[in-house]
Amino acid sequence: MKLKDQTKKTDDACHRLLDAAEQLFADKGFAAVSVRDITNLADCNVAAVNYHFNSKDNLYLEVIRRRINNLRQVRLDSIEEAMSNPKTTLEDLLRAFSWAFLEPLVDEHNGRRLMTLMLREMLDSRVPGEMLFEEMIKPITEALCDAIMKVSPGIDMPRACLCVQSLVAQLLHTIHAKTMLAGVKDLPFDPSQFEDFVNHIVEFSAVAIRSFSEKAGEADA
């Protein structure tokens, strides 16, 4: 077999293992999934997990890393695209980021699996906090804080970071509400209508951010 063909075969096996592991970890949780379960679904031999990832634990980390790298890029791209327009307002920025945050997690094709996987990780964390912070939270927070300070002069970095945390908390609640309140009748809002949530979050957050900006301006006067 040619080296190129062997490399492609190896890469294909690696991707199959990641896909199979993601599906099983989301469906059953880390503890309930065996290496053999993963290799059977991936159509690989049992030794393939050790060959590619050294252990089931490392395979799990790579499953999560693959997902958070994708989420990070989608969110960073939304900020960059919004800020590429010199006429972008605070509302434009918040709306672009909010949709970029929500859509991959609620997409019918794979959003449900991703949400289940991330919820399991929150309940039974196996990913080092440093990895999550360095690879997703830090770069996104820094980029969004810088953008907020540009479109809302007067906000300093500490305040901008707190505003970002508040925004993300509202978006996470929106996702949880869809899951937790599905089928509940007589609610004063529809948890499946993300556009309503996004519009409210953007308006609510923009008012708060501008109030902080105005207070900072008054303090400097």
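Observations, loosely collected:
- Toward the positive end of the charge dipole of the chain, with +1 on the Cβ of Lys and Arg and -1 on the Cβ of Asp and Glu, the farthest Cα among LEU187, SER78, MET131 is that of MET131.
- Helix 90-106 and the long axis of the chain differ in direction by around 20°, with both axes built from C-alpha atoms.
- For segment 179-190, Karplus couplings with θ = phi - 60° (6.51, -1.76, 1.60), whole Hz, Gly/Pro x: 6, 5, 9, 4, x, 6, 8, 6, 6, x, 8, 9
- Compared with the dominant principal axis of the Cα atoms in the chain, helix 111-123 is inclined by about 90°.
- Of LYS178/LYS215; LYS138/LYS215; LYS138/LYS178; LYS87/LYS138; LYS138/LYS185, those spanning more than 29 Å from alpha-carbon to alpha-carbon: LYS178/LYS215; LYS138/LYS185
- The chain - charge dipole about Cα centre, Lys and Arg +1 at Cβ, Asp and Glu -1, debye rounded to 20: 720 debye
- Label selected from [x] 19.7, 63; [y] 20.9, 74; [z] 17.0, 54, the criterion being Rg and Dmax of the Cα atoms in Å as computed here: [y]
- The helix-based estimate of mean residue ellipticity at 222 nm for the chain, built from -39,500 (n - 2.57) per DSSP H run of four or more residues and divided by its residue count, is -25500 deg cm²/dmol to the nearest 500.
- Helix 3-28 axis, angle to the chain major axis (alpha carbon atoms, nearest 10°): 70 degrees
Every number here is computed from the coordinates shown, using simple stated rules; none is lab data. Note that this is a predicted model, so its numbers are computed, not measured. Don't worry about glycine lacking a Cβ; one is built from the backbone with ideal geometry, like all the others, and counts go over all protein chains shown.
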